[in-house]
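The values are calculated or read from the model by the stated rules, or taken from the named source; none is laboratory data. What you see is a predicted model, and the numbers here were worked out from it, not measured in a lab. Note that we place each Cβ from the backbone using ideal geometry, even for glycine, and neighbour counts take in every protein chain shown. To get the accessible areas, we keep the full protein, side chains included, count just its heavy atoms, and leave off ligands, DNA and RNA. Shrake-Rupley method; radii C 1.70, N 1.55, O 1.52, S 1.80 Å.
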Amino acid sequence: MSATLFAASAVRAEPYVPASDAQVIERLPGGTDARGDRAMRAMRALLARRPADLDVAVRFAQACVDRAKALSDPRPLGQAQAALSPWWDAPDPPVPVLLLRATIRQRSHAFAPALADLDRVVAREPGNAQAWLVRADVQLVSGDHEGARASCAHLEGITAVLCVAPIDGVEGAAAAAHASVSAILDGPTIARDERLRAWAGTLAAELDERLGRTGDAEARYRASLAIDPFDAYTVAAYADFLLDEGRPQDVVALIAADTPVDNLLLRRAQAEHRLRSADAARSRAALAERFAALHARGDRVHLREEARYVLELEGDADAALALALENWSVQKEPLDARIALECALAAGRARDVTAVADWVVRTRLEGARIAELVRRVRAS
């Protein structure tokens, strides 16, 4: 959610509507954009000359955070942290540093330290909307829905509605959440802000999907991607939708074979596996190398994706369940619950995910697929 208040570091193409599902729309922002690369190099060179300049450091660190988000790649976060090193361990860092440090910690799944930083920001600046939005995001992802609602209460207007809607969407009020987001998308205010329209469009698509409105969901995903075809989160969500709809060939068309985004390569690899494509072995090997590199760095952020990889592509349900449960101990979103339930059923260990099934029931999470998984777990 917090991405709407962050400036994009890459130069985007003009919005367009994909002509068909066969059109590849995923691209590497920055890496394939010479202007974006030049801007990053210029900022890096300026920072090298003026490492104690807070403004320069914050601008460069923000660009790195944006790139990490766009690519779902944690490596630029290390560059951001290095840029902020003169203030990183200070007893009282400036607010921009606290906000960036919280965001870096959030993306590294260090949720408790991230919340501590955000608490310091809002104590000093109670009206800091970005801090409240990031705080709500961290709380939602970690399963603290009540805390997330309290953070959203400090926001106003469209941002407040889009902050609350994902919480309603996992607490049995998906239809009401969808109505509020649709009202925003149909209103005149959001028309001037492409980032907000893309964010709201993807959220509406996910809610449509949860409500079983597959045609509407696809239209929303495609409209959102027409605004920002490089958004890795939306591409991944749309790819998951296509996989669920039994359309792996469209996933292969959607995601380039040489995508640098691990999350997207996983979706393509799953699609190739289901198609029994000649490229499946190559994608599987590439994913294995990338997960090995993450392990070498001690990175445990992509446990959810690794669980999917191990379950479907390696066929090791027990190992996949261990990864899914480790992920669940930190992150509690609908997809985290679904993967844990799927792994447990595949491993014949339904009892290991009783707490996950209870969470689905307690939150009143909607969706036919998740409901069927819970039913099967409880019947086992």
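Filter segment 347-367 for residues that are open to solvent by 10 Å² or more (accessible area, probe 1.4 Å), part of a helix (DSSP H, G or I) and touching an Asp or Glu at 6+ places or on another chain (Cβ under 9 Å) and give the result. Across segment 347-367, the qualifying residues are ALA347, THR363. The one condition from (1) more than 30 Å from ALA136 (Cα to Cα); (2) of a type in the set (Asp, Glu); (3) surrounded by fewer than 21 Cβ atoms within 10 Å (Cβ to Cβ) that GLU333 does not meet is (1).
Kindly check whether there is at least one residue in segment 194-205 that is open to solvent by 50 Å² or more (accessible area, probe 1.4 Å) and of a type in the set (Asp, Glu). Explain how you work it out, then say what you get.
To start, the set of residues in segment 194-205 that are open to solvent by 50 Å² or more (accessible area, probe 1.4 Å) comprises 194-195, 197.
Pick out the ones that are also of a type in the set (Asp, Glu) and you get 194.
Checking segment 194-205: at least one residue is open to solvent by 50 Å² or more (accessible area, probe 1.4 Å) and of a type in the set (Asp, Glu).
Selection of segment 73-109 for residues being closer than 18 Å to ARG290 by Cβ, open to solvent by 20 Å² or more (accessible area, probe 1.4 Å), in contact (Cβ under 8 Å) with a residue 24 or more places away in the chain and not acidic (Asp, Glu) yields PRO74, ARG107, SER108, HIS109. Per the conditions (1) crowded, with 16+ Cβ neighbours inside 10 Å; (2) assigned to a helix (DSSP H, G or I); (3) of a type in the set (A, V, I, L, M); (4) at pLDDT below 95, the sole criterion not satisfied by VAL301 is (2).
Could you tell me whether segment 308-316 includes any residue that is in a helix (DSSP H, G or I) and either touching a residue at least 60 places away in the same chain (Cβ under 8 Å) or open to solvent by less than 10 Å² (accessible area, probe 1.4 Å) (or both)? No, segment 308-316 contains no residue that is in a helix (DSSP H, G or I) and either touching a residue at least 60 places away in the same chain (Cβ under 8 Å) or open to solvent by less than 10 Å² (accessible area, probe 1.4 Å) (or both). Restricting attention to segment 230-258, the residues being surrounded by fewer than 23 Cβ atoms within 10 Å (Cβ to Cβ) and in a loop (DSSP other than H, G, I, E, B) number 7. When ILE339, ILE370 are checked against the criterion of being crowded, with 23+ Cβ neighbours inside 10 Å and at pLDDT 95 or above, a single residue qualifies: ILE339.
In segment 165-189, what residues are within 21 Å of GLN130 (Cβ to Cβ) and crowded, with 19+ Cβ neighbours inside 10 Å?
Here is the first cut: in segment 165-189, the residues within 21 Å of GLN130 (Cβ to Cβ) are 165-167, 181, 184, 189.
Correct list: ALA165, PRO166, ILE167, VAL181, ILE184.
Restricting ALA148, ALA136 to residues that are open to solvent by less than 10 Å² (accessible area, probe 1.4 Å), under 18 Å from LYS332 (Cβ atoms) and touching a residue at least 60 places away in the same chain (Cβ under 8 Å) narrows the list to ALA136. Looking across ALA285, ALA322, ALA271, one residue alone is touching a Pro at 6+ places or on another chain (Cβ under 7 Å), under 30 Å from LEU77 (Cα atoms) and at pLDDT 95 or above. It is ALA271. Every listed requirement among (1) crowded, with 20+ Cβ neighbours inside 10 Å; (2) at pLDDT 95 or above is met by ARG213 save one, (1).
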